[in-house]
Amino acid sequence: MSEGNIEKGYTPIRTVRLVSAVVAVAGMFCLLVQRILSIAMTMAQEILDLAFARYGNFTGRFAANNFAEDKKLLSMLNELKGLIPTVETSLTLLLVLSVVLFAIALVGLALPRQSGHVLVALKLLKWQPGDDENESEGEQLTLNPASLKKLGIVAGVILAIVLAVFGIRGCMLVSSAQAQEAALHELNTEVQGYMSTQRAFFNKSKALGSAKQLGLDTLVDGKYYTFRVGRNYIDAESKDALENCLSGSHWRVNASVSGFLSKELKFFSMLPKNRDCQKFSPNLKNSGR
């Protein structure tokens, strides 16, 4: 193409550079979204850490067990915690996508002629005669609407698949968080029920009561745990894994009577050695007397 044509109009080089600029803008948009989500996730993580630290102490556990608002808030926090891995994966994908788009734009700007031939080979651009038919090199590059339509359909399908995968994964994580909250509630309900019943029996008889005397079943098959009740203990065995807390883990609360003239009832908890299991039993860390 002559120098005169290069100086005016949408020449092939300028067309490729325009396409590269659009790709670069798309990369900047992806990077902007990634940075906004990253800042939001950092703030959310700090909020979660503060909230779980608040509900990890005595007053927080008391509020979570006795006030509906705190129960609802704790459930929402667990659901939000379950979404963190999905957001982290999204951040990584957005960062990779922005880098790829920037790389494509840089190649297009640095090597417009070669990039033009590649885009023509991919049928994203096509040659058409220029306005000046006397020019031997009067061809110009233009967008190929048919190919762009197909590319848009393919991109839409890929985007829909990605959103569906992340949506399903997010629902699974939220469901997992809800299951863990339900497992924690089941454990606390059974153990606290045994302790309250044993305490009431002791206040009347000054002795420990068996499961029959307490009016409790010796074996309770719950949804998440199997509970075994004896005269001086309640034992809970998990049926399924809870995050990194393996199935078959045991939580146990022993009851004992101390003193001769003035008898006193005491409870002692035994938690799994796995630290990942201990967060499912916050109310058992310091069993009440």
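Bear in mind that the values in this text are calculations on the coordinates, not laboratory data. Note that the structure is a prediction, hence the values are computed from the model and not measured. As a convention, Cβ positions derive from the backbone with ideal geometry for all residues, glycine included, and neighbour counts pool all protein chains shown.
Stretched out fully, how many nm does the piece from residue 33 to residue 95 gain, at 0.36 nm a residue minus the Cα gap?
21.4 nm
One decimal place: the segment residue 213-residue 73 gains 46.6 nm when fully extended, by the rule 0.36 nm per residue minus the C-alpha distance. In this structure, the amide hydrogen of residue 249, modeled 1.01 Å from its nitrogen in the peptide plane, lies closer than 5 angstrom to those of 238, counting only residues at least 5 positions away or on a different chain. Distance between the 7 Å Cα→Cβ label points at residue 185 and residue 206: 4.1 nm. Remark: for residue pairs 204/266; 204/263; 71/273; 212/273; 212/266; 206/266, the C-alpha separation exceeds 23 Å in 71/273; 212/273.
Taken along the Cα-to-beta-carbon direction at a fixed 7 Å, the label points for residue 59 and residue 106 span 5.4 nm.
On a full-extension model of 0.36 nm per residue, what is the gain between residue 261 and residue 45, subtracting their alpha-carbon distance, rounded to one decimal in nm? Each step should come with its number before you reach the end.
On the way: separation 216, 0.36 × 216 = 77.76 nm, distance 5.28 nm.
Contour length minus Cα-Cα distance gives 72.5 nm.
Site pair residue 117 and residue 232 shows an inter-label distance of 8.9 nm when each label is modelled 7 Å from Cα along Cα→Cβ.
Return the FRET efficiency for the residue pair residue 66, residue 275: r is the Cβ-Cβ distance, R0 is 22 Å, and the value is rounded to the nearest 0.05. Intermediate values should be presented prior to the final figure.
Working: r = 27 Å, r/R0 = 1.22.
So, using R0 = 22 Å, E works out to roughly 0.25.
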